[in-house]
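As structure tokens, the structure follows; a few thoughts come after it.
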Amino acid sequence: MRKAIPSEMGDDKDRNFVTALARGLDILRCFGPADEYLGNAELAKRTNIPRPTVSRMTATLTQLGYLRYVSHLEKYRLGPGVLELGYRYLASEGVRELARPFMQELADATDCMVAMAAVDGTKVNYIQVCQGNGPMVLRLAAGSQVPMATTALGRVYLAATHEHDRNQRLAKLEEEYGRDWPEVLRGIERGFEDYQKYGFCISDGEWNRDVSGVAVPMFVDGGEHILPMNIGGSALRLTRRILVENLGPRLKELVDQVSALSQGSMSS
């Protein structure tokens, strides 16, 4: 029996929860490929943190090297400290390199994109991507970020994680989607049903109408953490039947192979 996945999201009612630290991390999470430069006003609006508090935090994060101040824009961008932490994390994930040849083999055989991801709050970040050779391959790269609620990657994480963690993330998602939440929740619940029936989750043109995919959870560190993996591509050729009968089972087999090799390398 797999161990329950502990919550990665803080509880602000927990006396051990450090609000100032959580706010600082929220500020760093605001930056992404489409938001390379952000000012204090934008950060305050996105995080709902008072602007004077944001100003103190960005000053502190800049001194520590996690942000850089761009004077001519009067805005901040991520600093080398964040990259250093990211590289340390990726270097520690030996399973990425272990999985890569299997992922590339499946990508080549199916002309699809095969990827491994890590969850951050209510987003999912690609940490390893292997592309097929076909013209209809989904072109995303390591570092790309996608939503949790409407992707197979996010749904399979929610389906496989501990109930407490799941409920906290669902509450955050409800806040994000507002009036659209009932429809989004129905999609998540369909994902849960697929996971119970097949052992994987499906997103068929929901995150992006041109993209379909299937995802399987990989349990690492003795079952303590989940790295979801997916395979996807053009919705024009990846029908639900192909996802259920072909790609889903093949991805499950890949995850089983990598998990067995990972456990073997740890015990040797």
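The values are calculated or read from the model by the stated rules, or taken from the named source; none is laboratory data. Since this is a predicted model, take the numbers as computed values, not measurements. Cβ atoms come from the backbone with ideal geometry, glycine included; neighbour counts cover every protein chain shown.
E183 satisfies every condition listed in (1) farther than 16 Å from V216 by Cα; (2) surrounded by 14 or more Cβ atoms within 10 Å (Cβ to Cβ); (3) not basic (K, R) except (2). Screening R250, R190, R179, R240 for residues that are in the same structural domain as P101 (by TED's automatic domain parsing), free of Cβ contacts under 8 Å to residues at least 24 places away in the same chain and out of contact with any Lys or Arg (no Cβ under 9 Å at 6 or more places or on another chain) leaves exactly one candidate, R179.
The requirement of being aliphatic (A, V, I, L, M), touching a residue at least 40 places away in the same chain (Cβ under 8 Å) and touching a Lys or Arg at 6+ places or on another chain (Cβ under 8 Å) is not satisfied by L28. The residues in the stretch 235-261 that are modelled with pLDDT of 90 or more, in contact with a strand residue (DSSP E or B) (Cβ under 7 Å, 6 or more places away or on another chain) and farther than 24 Å from R209 by Cβ can be counted, and the count is 2. Output yes when any residue across the stretch 120-137 is small (G, A, S) and modelled with pLDDT of 90 or more, and no when none is. Checking the stretch 120-137: not a single residue is small (G, A, S) and modelled with pLDDT of 90 or more.
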